[in-house]
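Peer 1: A single structure is presented below for examination.
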Amino acid sequence: MAIPDYQSIMLPLLELTSREIELSISEAIEKLAVILGLSERDLKELLPSGQNHKFANRVGWARTYLKKARLLESPQRGFIKITQRGNEVLASKPNKIDNVFLRQFPEFLEFQKKKKQSEESVIEANKELGNKTPEDLLEESYQELIDTLSSDLLDRIKSESPQFFERLVIDLLIKMGYGGSRKDAGKAVGRSGDGGIDGIIKEDKLGLDVIYIQAKRWEGVVGRPIVQSFAGSLDGVRAKRGILITTSRFTKDAIDYANNIDKSIVLVDGEMLAKLMIDHDLGVSTIAKYEVKKLDSDYFVED
């Protein structure tokens, strides 16, 4: 039989988790395959890239979307369990769960970065889809993958220990060309002991200058007082440059303050942190590459 699309898998996956205390992803894939009546041949079917199995990939997307709507959660790495909201959804006996259904939850709307759409706007969006080129669709799909990966990265970072986050910051700055050796950077970051400063790292591999760092896994927005306090800490060590990293975001007032003082303070919010990690291959791995080619008209021009 044809492998269901990821939206068609959402309801069976949620129902499956309601019958388990918690479930590993591999177990979920196996049990869903039985529930949906998939054959061994179906399970071996690959994506066009040839890198991943189609059904496992679609279960993964169903899981991601349900988690963003807070219907599922991850109690530990590689496992999922249903939330109270998920149980409440099942109690309402929905005929299906898809992206339109999930738009009733504010967390899912925030994840998609779009407002809730009425039936008319959904129909209009489908009409517009027919006017897009294959390149447009490829670009949009790529951006959706990046947005999902960024969100997953931040969720994972927030679930780790403060010590892990310190190591992550070290690894990222080294990949970006700072810090000299991993050993030198490891001794510096998190060891300075100065008020408001979490660490010091070399600006270049020769150690000609240093940059002061504050890195915190804040949940709420970071306002001007925190940035102002960090700037004051730099005064205490007669420093002019610093990096303030957060897993959340900065208020406009905080950004304006950093832009208008005589020190160079770089603000790295959660979105930028995730982008830097993706750009420098930290905490992510490549599963497929696609080359988009076009006709080379010059080749066909005769002398």
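The values are calculated or read from the model by the stated rules, or taken from the named source; none is laboratory data. Since we're looking at a predicted model, the values are computed, not measured. Ideal geometry is used to build each Cβ from the backbone, glycine not excepted, and the neighbour counts take in all protein chains shown. Just so you know, the surface numbers come from the protein's heavy atoms only, side chains and all, with ligands and any DNA or RNA stripped out. Shrake-Rupley method; radii C 1.70, N 1.55, O 1.52, S 1.80 Å.
Peer 1: Just give me the residues in segment 86-109 being in contact (Cβ under 8 Å) with a residue 24 or more places away in the chain, among the charged types (D, E, K, R) and farther than 11 Å from ARG70 by Cβ, in sequence order.
Peer 2: LYS96, ASP98
Peer 1: How about segment 53-109: which helices (runs of 4 or more DSSP H) wholly inside it have at least 1 residues that are closer than 15 Å to ASP152 by Cβ?
Peer 2: Helices (runs of 4 or more DSSP H) meeting the threshold: 54-68.
Peer 1: Continuing with this model, one more query. Hey, among the residues in segment 248-303 that are aliphatic (A, V, I, L, M) and part of a loop (DSSP other than H, G, I, E, B), which one's most open to solvent (accessible area, probe 1.4 Å)?
Peer 2: LEU295
Peer 1: In segment 170-227, what residues are modelled with pLDDT under 85, within 24 Å of ASP155 (Cα to Cα), part of a loop (DSSP other than H, G, I, E, B) and not basic (Lys, Arg)?
Peer 2: Once the filter is applied, which keeps residues that are modelled with pLDDT under 85, within 24 Å of ASP155 (Cα to Cα), part of a loop (DSSP other than H, G, I, E, B) and not basic (Lys, Arg), segment 170-227 yields VAL189, GLY190, ASP198, TRP218, GLU219, GLY220.
Peer 1: Please specify each residue of segment 137-162 satisfying the condition of being without any contact (Cβ under 8 Å) to a residue 12 or more places away in the chain and farther than 16 Å from TRP218 by Cβ.
Peer 2: LEU137, GLU139, GLU140, SER141, TYR142, GLN143, GLU144, LEU145
Peer 1: Continuing with this model, one more query. So in segment 42-55, with the set limited to residues that are out of contact with any strand residue (DSSP E or B) (no Cβ under 8 Å at 6 or more places or on another chain) and either at pLDDT below 90 or over 16 Å from PRO4 (Cβ atoms) (or both), which one is surrounded by the most Cβ atoms within 10 Å (Cβ to Cβ)?
Peer 2: Selected residue: ASP42.
Peer 1: In segment 117-139, is there at least one residue being charged (D, E, K, R), open to solvent by 40 Å² or more (accessible area, probe 1.4 Å), modelled with pLDDT under 80 and not in a helix (DSSP H, G or I)?
Peer 2: Yes, segment 117-139 contains a residue that is charged (D, E, K, R), open to solvent by 40 Å² or more (accessible area, probe 1.4 Å), modelled with pLDDT under 80 and not in a helix (DSSP H, G or I).
Peer 1: Which members of segment 17-32 meet the condition of being part of a helix (DSSP H, G or I) and either over 16 Å from PRO75 (Cα atoms) or polar (S, T, N, Q) (or both)?
Peer 2: Answer for segment 17-32, where residues must be part of a helix (DSSP H, G or I) and either over 16 Å from PRO75 (Cα atoms) or polar (S, T, N, Q) (or both): THR17, SER18, SER26, ILE29, GLU30, LYS31, LEU32.
Peer 1: Looking at VAL34 and the list (1) out of contact with any Phe, Trp or Tyr (no Cβ under 7 Å at 6 or more places or on another chain); (2) in contact (Cβ under 8 Å) with a residue 12 or more places away in the chain, which single condition is not satisfied?
Peer 2: Only one criterion is unmet by VAL34, namely (2).
Peer 1: Among the residues in segment 63-75, are any among the hydrophobic types (A, V, I, L, M, F, W, C) and open to solvent by 50 Å² or more (accessible area, probe 1.4 Å)?
Peer 2: Checking segment 63-75: not a single residue is among the hydrophobic types (A, V, I, L, M, F, W, C) and open to solvent by 50 Å² or more (accessible area, probe 1.4 Å).
Peer 1: Evaluate segment 208-217: report whether one residue or more is among the aromatic types (Phe, Trp, Tyr) and surrounded by 13 or more Cβ atoms within 10 Å (Cβ to Cβ).
Peer 2: Yes, the conditions are met somewhere in segment 208-217.
Peer 1: Quick one: in segment 1-39, which of the residues that are in contact with a Lys or Arg (Cβ under 7 Å, 6 or more places away or on another chain) and of a type in the set (Asp, Glu) is surrounded by the most Cβ atoms within 10 Å (Cβ to Cβ)?
Peer 2: This residue is GLU22.
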